[in-house]
Amino acid sequence: MSGRRPDVVVIGAGIIGAASAWFATRAGLRVTVLDRGPLAGGTSGRGEGNVLLSDKEPGPELDLALLSRRVWRDDLGEHAGLWEFDAKGGLVVAATDASAAGLAELTRRQRAAGVDAVDVGADELPAYEPQLARGPRGGAFYPGDAQVQPMLAVAHLLRLAREGGAEVRTGVEVTGLLRDGDRVTGVRTDRGDIPAGGVVNAAGPWAGSVAELAGVRLPVLPRRGFVLVTEPLPPTVRHKVYAAEYVGDVASSHAALQTSPVVEGTESGTILIGSSRERVGFDGSLSLPALKRLAANAIALFPALAGVKAMRAYHGFRPYCPDHLPVIGPDPRAPGLWHACGHEGAGIGLAAGTGLLLAQALTGATPALGLAPFAPERFDEGIPAP
């Protein structure tokens, strides 16, 4: 280990840890990032790279998403090409008159909160997606929805942090926390102790275990999801396209398998097909029922995919909180411990705003967004564990 004493040790080299490290370094802090695995070896390397506004109800998470979208554009815009930032826009489609009415009400409230959302009639949908099945009763288009290549984003954000003086160490496992009374003063690792001014818990679905090292409760649990990847195709899907029911699935707390169609193309020509959610712990076994439902849902949305081969499937574990809000900020139960975790499937999109807010709080600046809704101690105030 380096002999220097960092101001901050960040546990986790995924997108949240990478963004936190870069913004903290930019703010003048000495940062060390630790991960027991490789860069983006957890949730960040197993997702679709979504930067979404469309799937969020008005409230604290949407406020964070709006901030984060601005940060991706303004603070990180000059680097957009490094992580293949694709401002493709998102199209949400409603299968029934009732869901179309519900979607129209959602877009009305989102517009009032500052989201650019365009209501789309059933007869207008083919202009957005010519290959889309005929039958949806309406939809909504979100020009602000985008996609990044998450592994590239992690790698380049950490490279930029290193160029600013940060240290990044992989293959280093945190086994405990250094304490001075109640205060957290660094980390214990399998490579030795690292004293630090503060410790940031950005451990994704393992964040609850890190919190336990400090003797505090953080009910972050894994929520498994699968993605199918097709063979490369000619341009078929122009935007990120998903069913209106996806918004409800994201907001649900059910443990059983849920699927809703989510389909989008990539620059390489492959099609990414989601989305599934289930709470099965860290069970990484392949689920044929989940994959079959994903494929059937995608074909129902885009019939032209019926004869297309799936090259592979992969899964990830979303860091799920019972109230569907991330945990961001200092933990008063263990001074010196900070959290940046629990973003579930929205971590890529929310990473930029989270990193900025955390760096502002770490340096004593006024955060651009109030952190009270994301406070870690809220789980001691009546919110049940999942």
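Summary of values
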{"item": "Number of the condition not met by P322 [criteria: (1) surrounded by fewer than 24 Cβ atoms within 10 Å (Cβ to Cβ); (2) at pLDDT 95 or above; (3) not in a strand (DSSP E or B)]", "result": "(2)"}
{"item": "Any hit, the stretch 379-386, residues being out of contact with any Leu (no Cβ under 9 Å at 6 or more places or on another chain), of a type in the set (D, E, K, R), more than 25 Å from L157 (Cα to Cα) and at pLDDT 95 or above", "result": "no"}
{"item": "Neighbours by Cβ (under 6 Å, 6+ apart or cross-chain): first from the stretch 283-298, small (G, A, S); second part of a helix (DSSP H, G or I)", "result": "A298/L305"}
{"item": "Count of the stretch 172-225 residues which are among the aliphatic types (A, V, I, L, M), free of Cβ contacts under 8 Å to residues at least 40 places away in the same chain and open to solvent by 30 Å² or more (accessible area, probe 1.4 Å)", "result": "1"}
{"item": "Residue in the stretch 236-246 that is closer than 30 Å to G281 by Cβ and either polar (S, T, N, Q) or part of a helix (DSSP H, G or I) (or both) present", "result": "yes"}
{"item": "Residue in the stretch 333-341 that is open to solvent by less than 50 Å² (accessible area, probe 1.4 Å), within 23 Å of T259 (Cβ to Cβ) and in contact with a strand residue (DSSP E or B) (Cβ under 6 Å, 6 or more places away or on another chain) present", "result": "no"}
{"item": "Selection status of L358, of a type in the set (A, V, I, L, M) and in contact with an Asp or Glu (Cβ under 8 Å, 6 or more places away or on another chain)", "result": "no"}
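Residues are listed down the side, and each one gets a yes or a no for (1) at negative phi; (2) touching a Pro at 6+ places or on another chain (Cβ under 9 Å); (3) at pLDDT 95 or above:
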position	(1), (2), (3)
W22	yes, no, yes
G28	no, no, yes
V31	yes, yes, yes
L34	yes, no, yes
A40	no, yes, yes
G47	yes, yes, no
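The values are calculated or read from the model by the stated rules, or taken from the named source; none is laboratory data. Computed from a predicted structure; not experimentally measured. Using ideal geometry, Cβ is built from the backbone for each residue, glycine included, and neighbour counts are taken over all protein chains shown. Ligands, DNA and RNA are stripped out before the accessible areas are found, and what is left, the full protein with its side chains, is counted by its heavy atoms. Shrake-Rupley method; radii C 1.70, N 1.55, O 1.52, S 1.80 Å.
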